[in-house]
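Read the figures in this text as sums done on the coordinates, not as results from a lab. Note that the coordinates shown come from a computational prediction; the quantities given were computed from them, not determined experimentally. Neighbour counts run over all protein chains shown; Cβ positions are idealised from the backbone, glycine included.
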Amino acid sequence: MRNTAHLPSSAPRKGLAPYQHRGHEFLRQKQWSQAERELANAVRYGSREALDWIGLSIARWKLDDLDGSVAAGRKALELQPGNTTACMVLTQALIAQQRFAEAAQVFEALPAGAPRDHDFHLNYGICLLRTQRPQEAIGEFLQALQYRMDAAPTHTQLGLAFRELKLYEEAVECFRTAAALDPHHVAARAFVAHLDQFACRWTSFTANREEYLRALHEAARRCTGQGAESTPFALVAMPHTREDFLVAARLESRRLARGVKPLPARPLTAADARRRLRIGYLSCDFHQHATALLITEMFERHDRDRFEVFLYSHGVDDGSPVRERLRRAAEHFVDVAPLSPAAIARRVHDDGIDILVDLKGHTTDNRFTTLAYRPTPVQASFLGFPGTTGADYVDYFIGDRHVTPLAHADGYSEKIAQMPHCYQPNDRQRPKPVPSTRAQWGLPEQAFLFACFNQSYKIIPETFEAWMDILRDVPGSCLWLLDGGPQACTNLRAQAEARGVDPQRLIFGAPVTPAHHLSRLVHADLMLDTWPCNAHTTASDAVWAGLPIVTLPGETFASRVAASLLYTLDLPELVCADVEAYKRTAVALARDPARLAQLRSRLAHGRDHGPLFDSTRFARDIEALYARMWERRLAGLSPDHLPAA
């Protein structure tokens, strides 16, 4: 089976053959360490067979030696540039390291005459999609489907590509197909519901939600220990219970922990109580991103006499000022983007981190599996994911008495750790709004302007119905929304017209830079929040711009964030008990300019003098929580709820 014609004369065939034979036999038996040893010897003694280098690349990939796998794959392709298998093993290692652009170049360099199959086009398409080339990715996925029209994962990827182009309705059809092909594909049902919400296409809103929830709970019964891909983030903007969210999160966390063996626990001694506490933060958002815009000043304000801070970044370096500021904000900025979750866990473990804080949860591009390796004595979830992680390997969920009241503990796999004020960090160094006019933003000069810059998927029929009632009760008013793409805008205008409201009263603002967004927000009169998923960072933006928010909290974390900000600002009258109170409050404020001006004044005072934007105070508060977690760990106590002090 092996071609020995290319062996150098200095390497006798009888010397190489035993290593080759044993190496490939171990590969067939999935004994990866032994296969790596034997094939490494074969190439060390002069093998120039691409097959040996391919096998070595596979063995190293299985052993999580991704750099070694890449090196072996490159050698195989160098020996046989038209070897499709060599191309595939090299690119799988590059993809595992998130090196999608390099992998795309390898696919593109394969000679035209080399055979290509379904997996080639699928993986090449994934690389194109992850390097912001969705239109080209669609072409590759369609070619892949010519080989395997019944491949549910390929229909899924095609749907993701359409999503990137904001062709949500086309994406939904791809996910419907994936769900039909794979009855157990929970994530496909999640995306059907989620992307119909992005498009604001509500004809199947209730049916989509019920089908997703049915699939979730059926998967929980079927996959008790193994978990399943459940896409829990899709739940946040549709009506659900805390139990529903916990079920979805547990499925996802168990799937991500499959086959993971925790690292050896680090022994703790008396000396650990006397040194600085080592805190690690794990995220792919340490660049121009909403999370970074909120949290950077908190990092800068950490007490370096008591805490040694590590930022583990597995995202892109966008070269932005935010990225550079983050690099300076912590003593250790560690780029782990090329590493697998296992390798990141080993690095964190070797760094002697005491508390690892994950800032992503079950959101896009997470490395949540890192936490399943248990690299640190204490692990916590914070900020990036609006709900429980469902992971038994995460000890604490950091919230506050409003977003995570202890009465809601049954909806969390973690113990709740409460900040004394709002859980959300904020940055007092963000730019102040630059003066502008309504005309510059294409806004009517005299109309009362309601606004909501939440993403379109957060708008559900009940919320939109309330907004239209408010517009009818405030003649001449307009509603300023974020432009969620042509489909969302068209569907929202149609929904307004169907409810007897002139669709021209809806104004759509294009996505702009954070600084420009703050400058335009000052022209709104009142922000109307969404439910069951509130404004989060967008609520912080509104407060910074001096814009009051009317909100309606629910029973889940995602529905209580704006209320937490408002209570911290001492504006409880903007937190409404039900839909009718929400509408009454919005209409009353629109009709009473003096009261609205008074609220703006109180908001500005709370923003400038209260705890919400006091990053030094926030840093001391979260450090006190870390100290309480660590004290329990040093005392040999299990994690427990930590109420606000």
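Some observations on this one:
- Dipole of the chain [Lys/Arg +1, Asp/Glu -1 at C-beta], most positive-end residue of V579, P81, G384: P81
- The length gained by stretching the chain between K261 and D578 to full extension, at 0.36 nm per residue less their Cα-Cα distance, is 109.4 nm.
- This ranking places C223, C452 by how few other beta-carbon atoms lie within 10 Å of each, fewest first, which gives C223, C452.
- Stretching the chain fully between R221 and E164 yields a gain of 17.2 nm (0.36 nm per residue, less the alpha carbon separation).
- Peptides 602-613, 333-344, 87-98, 264-275 ordered by average Cβ neighbours within 10 Å, highest first: 87-98, 333-344, 602-613, 264-275
- Three-way shape call for the range 546-645 based on the alpha-carbon gyration tensor, with the a/c threshold at 1.5: oblate
- Label point of H605 set 7 angstrom out along Cα-Cβ; within the range 527-562, amide nitrogens under 19 Å from it belong to 543-549.
- On full extension, the segment bounded by A635 and A597 gains 8.4 nm, given 0.36 nm per residue less the C-alpha separation.
- The range 1-115 shape via C-alpha gyration tensor axes, a/c threshold 1.5: oblate
- Filter on K360/K415; K360/K432; K458/K583; K360/K583; K62/K415; K166/K583 - keep pairs with C-alpha separation over 23 Å: K360/K432; K360/K583; K62/K415; K166/K583
- Relative contact order (%) - the chain, alpha-carbon pairs under 8 angstrom, separation at least six: 10
- Packing-based order for 229-240, 615-626, using average beta carbon neighbours within 10 Å, highest first: 229-240, 615-626
- For the range 394-435, the ratio of Cα radius of gyration to the globular rule of thumb 2.2 N^0.38 Å stands at 1.61.
- Segments 444-450, 43-49, 120-126 sorted - mean Cβ within 10 Å per residue, highest first: 120-126, 43-49, 444-450
- Spin-label model, M149/Q135: points 7 Å from Cα along the beta carbon direction are separated by 2.8 nm.
- Shape category assigned to the range 242-354 from the gyration tensor of Cα positions, a/c cut at 1.5: oblate
- Remark on the chain: hydrodynamic radius 26.8 angstrom, per the Kirkwood mean of 1/r across alpha carbon pairs.
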